[in-house]
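To start, the structure under review is shown below, and the notes come after it.
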Amino acid sequence: MARVIPVFRLVLDHDVSYSDVEQNPYVRDVVMSELVDAVKDGIKRRRRNISLFVINDYIVGLDKKEWKSSLQSALKYYEIKEEYNKCSEIVNLIKSL
């Protein structure tokens, strides 16, 4: 089954910045999870780029040359969270690139 790209609608109050949103733990969890899923799907389908999600009608994606460094960031994130099964999955994805 094809991966469904999540769509987010984001409305910020005047005193909230995108940096504030980025630091939100829930947002970080979703972004990291979608990154891993999107790269896995991109590898499986032999894509040159992937779409991570859509925010306010803008597609957020990555070219294949960015996958490894993005996965390395995700690996650090999951190491801190001590989610070692996810770390193992990410290491295998990095090796397959």
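Where a number appears in this text, it was derived from the coordinates with a stated rule and is not lab data. Since the structure is predicted, the reported quantities are computational estimates derived from the model, not experimental observations. All Cβ positions, even for glycine, are placed from backbone atoms using ideal geometry, and neighbour counts span all protein chains on display.
Once fully extended, how much extra length lies between Ile55 and Ile94, figured as 0.36 nm per residue of separation less the alpha-carbon to alpha-carbon distance?
11.4 nm
Once the convex hull of the C-alpha atoms of the chain is built, how many Å³ does it hold per residue, rounded to a whole number? Before the final figure, lay out the partial values.
Numbers: hull volume 10.4 nm³, N = 97.
Each residue corresponds to 107 Å³ of Cα convex hull volume.
Could you pull out which residues in segment 27-42 have an amide N less than 17 Å from a spot 7 Å beyond the Cα of Lys64, following the Cα-Cβ vector?
Answer for segment 27-42: 38-42.
Which value, in debye to the nearest 20, describes the size of the charge dipole of segment 9-97 about its Cα centre when Lys and Arg Cβ atoms bear +1, Asp and Glu Cβ atoms bear -1, and nothing else is charged?
820
What residues qualify as long-range amide H neighbours of Ile55, i.e. H under 5 Å apart, gap of 5 or more or another chain, H built at 1.01 Å from N?
The list, which skips near neighbours in sequence, is Phe8, Val60.
Calculate, for His14 and Ser73, the FRET efficiency according to 1/(1 + (r/R0)^6) with r their C-beta to C-beta distance and R0 35 Å; round to the nearest 0.05.
That gives a FRET efficiency of 0.70.
In terms of modelled amide H atoms, which long-range or inter-chain residues lie less than 5 Å from the amide H of Glu83?
none
For a protection proxy built on the mean count of beta-carbon atoms within 10 angstrom, sort 31-42, 66-77, 50-61, 4-15 highest first, please.
Descending packing order for the listed peptides: 31-42, 66-77, 50-61, 4-15.
What nm value, rounded to one decimal, do you get for the distance between Val27 and Met1 when each label is placed 7 Å out toward the C-beta?
Output for this residue pair reads 2.9 nm.
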